[in-house]
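Participant: Provided herewith is a single structure, encoded as structure tokens, for subsequent inquiry.
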Amino acid sequence: MPNRECNLTKWVRTAQGLRFCPVVLSVNARVKPDWVLVNGKEERHPEGSYYIEWREGAKRIRVSVGKNAADSNARRLRKEAELNAVNNGVTVSAEGSPATHRLIASAVQEYLEEIKISRSTATHSAYELALRNFAESCPKSYLEDARNSMSCRPPVQPLLRNLVHGSFQH
């Protein structure tokens with residue numbers, strides 16, 4: 001049977017030394033921050049980092065996921081979903097791979113900051129108005145999708161091309 005389980009543990013100092021201890025879950029299945037099971041008893045340990053662990057065959061894989069309990073639990077759930085998808089034959093892209101999609105709003109903001117530095121106030125205002133109208137009217141969320149969309153208005157296409165390619169030359 002393929003492994004689909006991922007555990008969340010915390011690396012803490014106990015009376016026996018540093019140990020990986022399972023986290024304590026509350027009634028609603030959320031992680032209780034800083035609470036772990038040590039020898040079957042709940043103890044509070046604010047020190048240490050959270051780790052997720054799973055098995056690939058007989059080999060245990062353990063990865064640090066930070067010091068925040070909620071973020072760590074989210075990473076555990078994401079990893080469980082990934083393991084489940086792989087076991088069902090779905091190809092999954094690597095988590096550490098660089099993001100290929102950028103949100104239009106963040107790209108517009110970065111571009112306008114660059115324009116503010118390198119161009120006049122009037123140019124910045126004109127670009128800001130055009131890009132705000134574009135962002136509001138474009139049905140796409142991601143910049144790369146908008147570039148390939150025919151629903152984007154032609155006057156904004158040169159600005160959009162600069163946003164996509166990271167080129168700030170006009």
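Derivation of every value follows stated rules applied to the coordinates shown; laboratory data play no part. Bear in mind the structure is a predicted one, so any value in this text is a computation, not a measurement. Using ideal geometry, Cβ is built from the backbone for each residue, glycine included, and neighbour counts are taken over all protein chains shown.
Participant: Please give me, ordered by residue number, the trypsin sites (Lys or Arg not before Pro) of the stretch 2-86 that lie in loop per DSSP and have at most 10 other Cβ atoms within 10 Å.
Facilitator: none
Participant: While we're here: Pairs of alpha-carbon atoms within less than 8 angstrom and 6+ residues apart define the contacts here; what relative contact order does the stretch 7-87 have, in percent?
Facilitator: That works out to 26 percent.
Participant: In addition: Setting aside same-chain residues fewer than 8 positions from LYS10, which lysines have a Cα under 30 Å from its Cα?
Facilitator: By straight Cα distance, LYS10 reaches LYS32, LYS41, LYS59, LYS67, LYS79.
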